[in-house]
Amino acid sequence: MTDHPTPAHDTGGGARETVHDGAHAGMHDSAHGGAHGGVYDLLGVGIGPFNLSLAALCDGVPGLRALFLDRRPSFSWHPGLLLEGTVLQVPFLADLVTMADPTSRWSFLNYLREHERLFPFFFSERFHVPRREYDHYCRWVAERLPSCRFGAEVTAVEWDAADGAFAVTHRSADGREARVLARRVVLGVGTGPAVPEALRPLLSPAHAGRVLHSADYRAHRAALAARDDVTVVGAGQSGAEVVLDLLRHQDGEGRGGPYVRWLARTPAFAPMEYSKIGLEHFTPDYVHYFRGLPEATRERLVREQWQLYKGVSAETLADIHDELYERTIGGRRPRAGLHPGVEVTAARPDGDGYVLACRHAEQGTEFEVRTSAVVAATGYAAVRPAFLDPLEKLVDWDDRGRYRVDGSYRVALDPAVTGTLYVQNAELHTHGVGAPDLTLGAWRAATILNSAAGRTVLRVPRQAAWTTFGAPGPHAGEAVR
């Protein structure tokens, strides 16, 4: 269940709740090692939901010294899209810990208990919680975990052969630098906004607030709603939510507010796959199957499976339809246009607005549209953080410059490096569509924790799906005795 500001694709911000933003990190420790001069067993860079999940699962593990660092002053999850009425596309059980350890005090249900909201939650009969509530829950956990430190930035990760550990240099908000050692480092810096090449020249201060990525939508929401024409590019959940929000800024008769145009490269504004069997693509079983496929097959599948993680929730599509329907009462036409199968090929300023050159894929026709503002709800992509530059020659990159990641989420390194580098949410190409999905977050964190500890700290399921991915084994179909 992806989410914004979502893995993820160039056509939208994702529908399943996925994670796109992490953060770099840093803090105040002694010059060599941890707070007491030792070497950390595990150090996480970035505290987004995935590394926060790992931090929560590490809490209280005997003999494990862990530290998690983040450059931001506090936890914040996709603030640009924390709109009223938006909900997670995953059930509340896909919190930071429950799918790996339902007894943890860091569960969403315990968060509700601590805030005296269990009964209201029970009576609301919610399975999908408000996105703003998920953000508040994560903040509650992050503020109480002693291993989580905010307000700094990791500037370098190096291999220190003499100490047999990674040396992590970080800088606090007031400019102080420190260096800590860790045997294992977990990258959780998330993904960054992806913008089509045609729109990149317009992402400059001169066009601020008029051409932007959906990750920044909330900050410019009022100004966009006051314009006469806004074009949203991207068919995922982020794009749909921006379109819906702009439509709701029109009055009941469709007057006032902007004309809302929705463009997308996908052949349709399609709902996210949400059938019970279809969701088994977000299980460890499918991850194991996907990892065993040839690279070319994996690349093809990620492209073809866009509806698993780039579609729009059926509820959001229904809400958009209902808003448009209301505006046809009395014979009027809605001040909106929905255009699938359209790619923006170029863009240029034109007076106080912009002209977008477009191409319709199926018809092969080209046309232009003029608009006052553009919101690129075009997903997120993995980024290689600059602090890894000292390790560049020690990482075994694939031929596209991506990490090679094994089944325990370890990055392939030069054999001279005896420490371990793990990664979260940068392995879509090796582990499949579940990489950015919150559903698998706690399971992946438990997998990393068990690997780092060298023992089974948390038991993970051997089988989680009814579906057999791949050819059946020799005993398929036999009755269980």
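The values are calculated or read from the model by the stated rules, or taken from the named source; none is laboratory data. None of the values given here were measured: they were computed from a predicted structure. In this analysis, Cβ positions are derived from the backbone assuming ideal geometry, glycine residues included, and neighbour counts consider all displayed protein chains. Surface accessibility is based on the protein's heavy atoms, side chains included, excluding ligands, DNA and RNA. Shrake-Rupley method; radii C 1.70, N 1.55, O 1.52, S 1.80 Å.
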Next on the checklist: Output wanted: per-residue J couplings in Hz (rounded whole) for region 359-364, from phi through Karplus 6.51 cos²θ - 1.76 cosθ + 1.60, θ = phi - 60°, x for Gly and Pro.
Outcome noted: 9, 8, 4, 6, 7, x
Next on the checklist: Taking amide H atoms as placed 1.01 Å from N in the peptide plane, list the residues 5 or more away in sequence, or in a different chain, whose amide H sits under 5 Å from that of Ala464.
Outcome noted: Asp285
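So if each residue of separation counts as 0.36 nm, and I subtract the Cα-Cα distance between Arg105 and Val355, what length gain in nm does that give?
Values: separation 250, 0.36 × 250 = 90.00 nm, distance 5.32 nm.
This chain segment gains 84.7 nm when fully extended.
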Checklist outcome for this item: For region 89-213, the Debye formula with one identical point scatterer on each Cα and no solvent gives log10 I(q)/I(0) at q = 0.18, 0.21 Å⁻¹ as -1.05, -1.13
Item to check | Estimated dipole of region 77-165 in Debye, rounded to 20 [Cβ of Lys and Arg +1, of Asp and Glu -1, Cα centre] | outcome: 420
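Looking at the chain only, what percent of DSSP beta bridges run antiparallel? Nearest 5 please. Provide the component values of the computation, followed by the final result.
On the way: 38 of 70 bridges.
Here the antiparallel bridges make up roughly 55 percent for the chain.
When the convex hull of the Cα atoms of region 356-420 is projected onto a plane and the area is averaged over all directions, what value comes out in nm²?
Numbers: hull surface 34.1 nm².
Value for region 356-420: 8.5 nm².
What percentage of the solvent-accessible surface of the chain, computed with a 1.4 Å probe over protein heavy atoms, is contributed by carbon and sulfur atoms?
Details: 10790 of 20980 Å².
Here it works out to 51 percent.
Per 0.36 nm of contour for each residue apart, how much would the distance between His220 and Glu197 grow if the chain were fully extended, relative to their Cα-Cα spacing?
Details: separation 23, 0.36 × 23 = 8.28 nm, distance 2.22 nm.
Full extension of this stretch gives 6.1 nm more.
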Checklist entry - If you line up the Cα atoms of region 332-481 on their principal axes, what length do they span on each, largest first, in Å? => result 66, 53, 28
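Find how much the distance from Ser74 to Val61 grows on full extension, using 0.36 nm per residue of separation minus their present alpha carbon separation; answer in nm with one decimal. Each step should come with its number before you reach the end.
Values: separation 13, 0.36 × 13 = 4.68 nm, distance 2.44 nm.
So the chain would gain 2.2 nm between Ser74 and Val61.
Stokes-Einstein D for region 115-181 at 10 °C, 1.306 mPa s, Kirkwood Rh over Cα pairs, in µm²/s? Working shown, then result.
Working: Rh = 15.5 Å.
This corresponds to a translational diffusion coefficient of 102 µm²/s.
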Checklist outcome for this item: Karplus-derived 3J(HN,Hα) from phi for region 69-83 (6.51 cos²θ - 1.76 cosθ + 1.60, θ = phi - 60°), whole Hz, x at Gly and Pro, runs 10, 8, 6, 6, x, 6, 5, 8, 10, 6, x, x, 10, 7, 8
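Only helical DSSP H runs with n ≥ 4 go in: add -39500 (n - 2.57) per run for the chain, normalise by residue count and round the 222 nm mean residue ellipticity to 500 deg cm²/dmol. Mind showing how you got there, number by number?
Working: 12 runs with 111 residues, N = 481.
Rounded to the nearest 500, it is -6500 deg cm²/dmol.
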Item to check | Cβ crowding within 10 Å averaged over residues, with 70-80, 45-55, 290-300, 381-391 ranked highest first | outcome: 45-55, 70-80, 381-391, 290-300
Next on the checklist: Can you give me the distance in nm between label points at Glu143 and Glu114, each placed 7 Å from the Cα along the Cα-to-Cβ direction?
Outcome noted: 1.0
Next on the checklist: What does the C-alpha gyration tensor say about the overall shape of region 328-377? Classify as rounded when a/c is under 1.5, otherwise prolate if a/b is larger than b/c, or oblate.
Outcome noted: oblate
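Quickly rank 119-130, 223-234, 445-456 as a protection proxy: mean count of other C-beta atoms within 10 Å, highest first. Please list the in-between numbers first.
On the way: 119-130: 12.7, 223-234: 21.4, 445-456: 19.5.
In descending order of packing, they fall as 223-234, 445-456, 119-130.
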Checklist entry - Which whole-Hz couplings ³J(HN,Hα) result when phi for each residue of region 314-326 is put into the Karplus expression 6.51 cos²θ - 1.76 cosθ + 1.60, θ = phi - 60°, listed in order with x for Gly and Pro? => result 4, 5, 5, 4, 5, 5, 4, 4, 5, 4, 5, 4, 4
Checklist entry - Over the Cα atoms of the chain, what is the Rg over Rh ratio if Rh follows Kirkwood? => result 0.99
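Shape verdict for region 150-227, please, from the Cα gyration tensor: rounded (a/c under 1.5), prolate (a/b greater than b/c) or oblate. Please report the intermediate quantities before stating the final value.
On the way: a/c = 3.49, a/b = 2.59, b/c = 1.35.
Prolate, since a/c reaches 1.5 and a/b exceeds b/c.
I'd like the projected area of region 164-279, averaged over all directions, using the convex hull of its alpha carbons. Report it in nm² with one decimal.
Working: hull surface 54.2 nm².
Reported value for the Cα convex hull: 13.5 nm².
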Item to check | Gyration tensor verdict on region 68-116 (Cα atoms; rounded if a/c is under 1.5, prolate if a/b is larger than b/c, oblate otherwise) | outcome: oblate
Checklist entry - Measuring with a 1.4 Å probe in the full set of protein chains, what accessible area per residue, in whole Å², belongs to the chain? => result 44
Checklist entry - Could the peptides 348-358, 101-111, 394-404 be put in order, highest first, of the mean number of other beta-carbon atoms found within 10 Å of their residues? => result 101-111, 348-358, 394-404
Checklist entry - When N counts the residues of region 249-366, how does its alpha-carbon radius of gyration compare numerically with 2.2 N^0.38 Å, as a ratio? => result 1.43
Checklist entry - Computed from the mean reciprocal separation of all distinct C-alpha pairs, what Kirkwood hydrodynamic radius does region 393-456 have, in Å? => result 12.4
